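Visitor: First the structure, which I've put down as structure tokens, then a few questions once you've had a look.
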Amino acid sequence: VMKFNGYLKVRIGEAVGLQPTRWSLRHSLFRKGYQLLDPYVTVSVDQVRVGQTSTKQKTNKPTYNEEFSATVTDGHQIELSVFHDTPIGYDDFVANCTLHFHDLLRSVGPNDSFEGW
């Protein structure tokens, strides 16, 4: 399996179509209708967090435009996870995706960048 060694720069643009969590539905003052989240995104390389966006209030379509950089040695994968910021206790998991470096590196040259996910 191909491993990545180098400089990683990730820009988190936006998230769309986020769904309410059980916690947000249970603790909402507005029991009916569509529930809004207080989402933030974490960026991890091989389960090590390298960045976290700010929390956006009351939206299921947050815009971040925040950038994170890390030097990676023998990297296997990048994971992007969305959480709902809860007032007490652990934050609620909302969604995630995993990108494998070998899939990215196989499809392009070493100086290319990836956009649009």
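Visitor: Cβ under 10 Å from ALA15's Cβ, ALA15 left aside: what net charge do those residues give with Lys, Arg +1 and Asp, Glu -1?
Guide: That works out to +1.
Visitor: Ok, one more. Kindly provide the trypsin sites (Lys or Arg not before Pro) of region 37-111 that DSSP labels as loop, not H, G, I, E or B, and whose Cβ sees at most 16 other Cβ atoms within 10 Å.
Guide: LYS58
Visitor: Go through region 71-82 residue by residue and turn each phi into a ³J(HN,Hα) via Karplus (6.51, -1.76, 1.60, θ = phi - 60°); whole Hz please, and just put x for glycine and proline.
Guide: Running phi through 6.51 cos²θ - 1.76 cosθ + 1.60 with θ = phi - 60° gives 8, 10, 10, 6, x, 9, 8, 10, 10, 10, 10, 10 Hz.
Visitor: Hey, another quick one. Among residues other than THR63 whose Cβ falls under 11 Å from its Cβ, what is the net charge (Lys/Arg +1, Asp/Glu -1)?
Guide: 0
Visitor: Sticking with this structure for a sec: Based on the Cα gyration tensor of region 57-105, what are the three equivalent ellipsoid semi-axes, each the root of five times an eigenvalue, rounded to whole Å and given largest first?
Guide: 26, 13, 11
Visitor: Okay, next question. Need one number: nm distance between label points at LYS58 and SER107, each 7 Å from Cα along Cα→Cβ, rounded to one decimal.
Guide: Result: 3.8 nm between the two label points.
Visitor: Still on this structure, I have one more. Excluding GLY51 itself, calculate the net charge of residues whose Cβ lies under 15 Å from the Cβ of GLY51, where each Lys or Arg counts +1 and each Asp or Glu counts -1.
Guide: That sum, taken over residues with Cβ under 15 Å, equals -1.
Visitor: Sorted from largest down, what three extents in whole angstroms do the Cα atoms of region 4-107 have along their principal axes?
Guide: Answer, in whole Å and largest first: 48, 26, 20 Å.
FYI, it's all coordinate maths here, none of it is from the lab. Keep in mind it's a predicted model, so treat the numbers as computed, not measured. Counting neighbours? That spans all protein chains shown, and the Cβs are built from the backbone with ideal geometry, glycine included.
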